[in-house]
Amino acid sequence: MFSADQFVAHLVGDFVLQSDWMASEKVRSHFAAAVHVVVYTLPFLFISQDPAVLAVIAGTHFIIDRWRLARYVVWVKNLPWRPWAECSATGSHESRPLFLTVWLLIIVDNTMHIICNGLALRYLG
């Protein structure tokens, strides 16, 4: 279901091509998120030129990154729940070590992207 090409395209788009400005501003600005999504989607042109596939990859990436949806996944999985106000930065409670919560957030975020991309490539492509 998931290919090495898809994984490499994701890594290039999300890490190699993403500038510090994109990374820091995409959660505050629709414009920064949109610029990041355009740049992120470029490596996927080597895998698919199907407009539906590329639209799903770009659209889901925008939504996940713009609103940092991975925070909610991390928070939901951490039963019993702590108040959102104490977890909103990363989804984990603020008493947890920051380096650990940030890495968990990054891993969940990337897992969400890879799943969405793989489904789009498999079922729409």
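Where a number appears in this text, it was derived from the coordinates with a stated rule and is not lab data. Predicted model only: the values in this text are computed from it and were never measured. FYI the Cβ positions are ideal-geometry reconstructions off the backbone, even for glycines, and counts take in every protein chain you see.
Using Cα pairs under 8 angstrom and six or more residues apart, how large is the relative contact order of the range 4-123, in percent?
The normalised contact order for the range 4-123 reaches 26 percent.
To the nearest µm²/s, what D does Stokes-Einstein give for the range 4-123 at 20 °C and 1.002 mPa s, using the Kirkwood radius over alpha carbon pairs as Rh?
In µm²/s, the coefficient is 144.
At a 10 Å Cβ-Cβ cut-off, how would you order Leu121, Leu69, Leu100, fewest neighbours first?
Final ranking by Cβ density, sparse to dense: Leu100, Leu69, Leu121.
Please find the FRET efficiency linking Glu86 to Phe15, where r is the Cβ-Cβ separation and R0 is fixed at 22 Å, and quote it to the nearest 0.05.
0.15
Tell me the mean residue ellipticity at 222 nm calculated for the chain from its helices only (DSSP H runs of n ≥ 4, each -39500 (n - 2.57), averaged over every residue, nearest 500).
-19000 deg cm²/dmol
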